[in-house]
Amino acid sequence: MKQISDFGELFGMINNTGMDNRQEFIDKLKSTNRKGIDCVLEKLEELGFFKAPASTRFHLNYQGGLLEHSLNVMHIALMLRQQLIDNYPNIKYLKDKVTEESVIISSLLHDVNKSEIYYIEKKWQKTDGQWKEYETYNVNYNQFPFGHGEKSVIQLLRWGLELTDDEIIAIRWHMSAWDLPFQSAELKSNMNAAKDKCPLLAIIQAADGLASSIVEPNSNAE
């Protein structure tokens, strides 16, 4: 796999509108040769992942936004991993501890829980004294109301994907404190333990935040 060496190259990849996002997503996942990938891709197609937005009104809130966001997170995560390996000799262990395969799996699949929650609804707004109908996205959590990161993990395991412990941790906790219901002391302790145990988690969290807050339009983390 070609290494991403700097931010200029990274943003060139992200802003390449001629790139077939869907095909890149499929090719990257299949390159891992992970057991269960074909079933995951079938399920994502069935649930509408490739057409879903990344949010309702924040980053990439348009058709295909979720796919684009997932690729952005992967590009940034791979770049961060390589920069850390190249520039900090004291953490060379990272090359073996956090593999490219795990980065690809965790970043591309961290938000599969969003595949089935969005739907298009019609609303009215008054513009220049005239009421006009427009389409927007809304959410429905009734299909499988089971949280964010944990839902993604459960779905992937149900679909037969083999995940390492670190990949499970990275996907589960990628939202960091945004995903702590009622500020549970137990969940905060688990999240902190996950950070200490799993450097992959730190990379995925950072990549997700950089993608949604800086790289992508209408930047607000969700």
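Which lysines have a Cα lying under 17 Å from the Cα of residue 188, excluding residues fewer than 8 positions away in the same chain?
Answer for residue 188, where 17 Å is the Cα cut-off: 197, listed by chain and number.
Can you work out the Karplus-derived ³J(HN,Hα) for every residue in the stretch 29-37? Use 6.51 cos²θ - 1.76 cosθ + 1.60 with θ = phi - 60°, whole Hz, and x for glycine or proline.
Running phi through 6.51 cos²θ - 1.76 cosθ + 1.60 with θ = phi - 60° gives 5, 5, 5, 6, 6, 7, 4, x, 4 Hz.
What are the ³J(HN,Hα) couplings of the stretch 190-202, residue after residue, when phi is run through the Karplus curve with 6.51, -1.76, 1.60 and θ = phi - 60°? Round to Hz, x for glycine and proline.
5, 5, 5, 5, 5, 4, 5, 7, 10, x, 4, 4, 4
Read-outs: derived from the displayed coordinates by stated rules, not from any lab. On a predicted model such as this, the values are computed, not experimentally measured, just so you know.
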